[in-house]
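First up is the structure itself, then whatever we jot down about it.
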Amino acid sequence: MSASAKTSSSSVSTGNIHIDPTGFVKLGSQLPGLAKTLSQAIDKLGLPLSAAQQRTLLLYLDQLLLWNKAYNLTAITDPEEALIKHVIDCLAIITHLPAGSLLDIGTGAGLPAVIIAICQPERQCTALDSNQKKIRFIKQISSELGLTNMQPIASRIEAHEASYDVVTSRAFASLIDFVNVAQPRLAEGGYLCAMKGKAPSEEELQALEHNWQIKTIPLKVPYLHDSRHLIELSYKDV
């Protein structure tokens, strides 16, 4: 980012952040309002994000919507809805994530992997998806945004062999299915973190609790009225 861009986006007070419009294509006249919504959400979530990081999040949103038709990235085309349901939804898990290297399974357009990489540049993030087009988008956007801590990989999880401290996903309808495919990729002492709408069912908990310590974290996502939970699982020594 140029020095002028950094200077023009230096005001970080809630609801008063100014974003340099240079480089934005799709957000257009909505950019100031979206920047205000994002800044207020970040404040509500207690995230220590700089003006530069907030601008990068909005640039990601802009590129997501710009390339959506070409890469089939999301069914959501309204910028404000996409900001809330994609970007802010992923921001809500940041403070709850354990430390360490991270693998995001079925990442799609890079959610939550790209959002985590922007917010936590010290963390190595791997975005995994079998869809080549979506991984090409993540490679392109990671390069444009300067995300040196992001590694996009086009592969099925069964063919991927590295291990990670944290494995995330928002792509699985079944918690049990997520655990079954993610567990082999988990480093010793690591954590599985599933982004879910509703809390796990009793049946799911009973199927998993013999081998796993399970923590259900209710999430309050600013401007989103739907139920959201982060399910954290760590392997028991049994």
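The values are calculated or read from the model by the stated rules, or taken from the named source; none is laboratory data. Note that the structure is a prediction, hence the values are computed from the model and not measured. Please note: Cβ atoms are built from the backbone with ideal geometry, for glycine as well, and neighbour counts cover all protein chains shown. All accessible areas refer to the heavy atoms of the entire protein, side chains included, with ligands and DNA or RNA removed. Shrake-Rupley method; radii C 1.70, N 1.55, O 1.52, S 1.80 Å.
Principal-axis analysis of the Cα atoms of the chain puts helix 51-66 at an angle of about 80° to the longest axis.
Label positions at Glu81 and Thr22, each projected 7 Å from the Cα along the C-beta direction, are separated by 3.4 nm. Computed over the chain, the per-residue total of -39500 (n - 2.57) for DSSP H runs of n ≥ 4 gives a 222 nm mean residue ellipticity of -9500 deg cm²/dmol, rounded to 500.
Per residue, the convex hull spanned by the Cα atoms of the stretch 195-238 measures out at 56 cubic angstrom. The distance linking the stretch 188-206 with the stretch 215-234 is 11 Å (Cα centroid to Cα centroid, whole angstrom).
Once the trypsin sites (Lys or Arg not before Pro) in DSSP loops with at most 14 neighbouring Cβ atoms within 10 Å are cut out of the chain, the longest remaining piece is 1-155. The listed residues Thr37, Thr77 rank as Thr77, Thr37 when sorted by accessible area, largest first, using a 1.4 Å probe.
A simple rule links phi to the HN-Hα coupling: the Karplus curve 6.51 cos²θ - 1.76 cosθ + 1.60 with θ = phi - 60°, which for the stretch 210-216 gives 5, 9, 10, 7, 10, 10, 9 Hz, with x for Gly and Pro.
Could you work out the relative contact order of the chain? I mean the mean sequence separation of Cα pairs under 8 Å and 6+ apart, divided by the number of residues, in percent. Present the calculation step by step, with values, prior to reporting the outcome.
Details: 414 pairs, mean separation 34.8, N = 238.
For the chain, the relative contact order is 15 percent.
If DNA, RNA and ligands are ignored and the probe is 1.4 Å, what is the ranking of Glu158, Glu204 by accessible area, most exposed first? Walk me through the intermediate numbers first.
Working: Glu158 120, Glu204 35 Å².
Sorted by accessible area, descending: Glu158, Glu204.
With a 1.4 Å probe and all protein chains in place, put Tyr71, Tyr223, Tyr235 in order of accessible area, largest first. Before the final figure, lay out the partial values.
On the way: Tyr71 35, Tyr223 90, Tyr235 120 Å².
In descending accessible area the options line up as Tyr235, Tyr223, Tyr71.
Name the shape class, rounded, prolate or oblate, that the alpha-carbon gyration tensor gives for the stretch 72-193, where a ≥ b ≥ c are the square roots of its eigenvalues, rounded holds for a/c under 1.5, and otherwise prolate holds if a/b is larger than b/c and oblate otherwise. Cα axes put the stretch 72-193 in the rounded bin.
Which GluC sites (Glu not before Pro) does the stretch 34-130 hold that lie in a coil by DSSP with at most 13 other beta carbons within 10 Å? Intermediate results must be reported in sequence, preceding the final value.
Working: sites: Glu80, Glu81, Glu122; in loops: Glu122.
In loop regions of the stretch 34-130 (DSSP not H, G, I, E or B), the sparsely surrounded GluC sites (Glu not before Pro) are Glu122.
Centre-to-centre, using Cα atoms only, the stretch 158-174 and the stretch 66-122 are separated by 15 Å. Rounded to the nearest 10 degrees, what's the angle between the helix 132-145 long axis and the longest principal axis of the chain, both from Cα atoms, 0 to 90? With both axes taken from Cα atoms, the answer is about 50 degrees.
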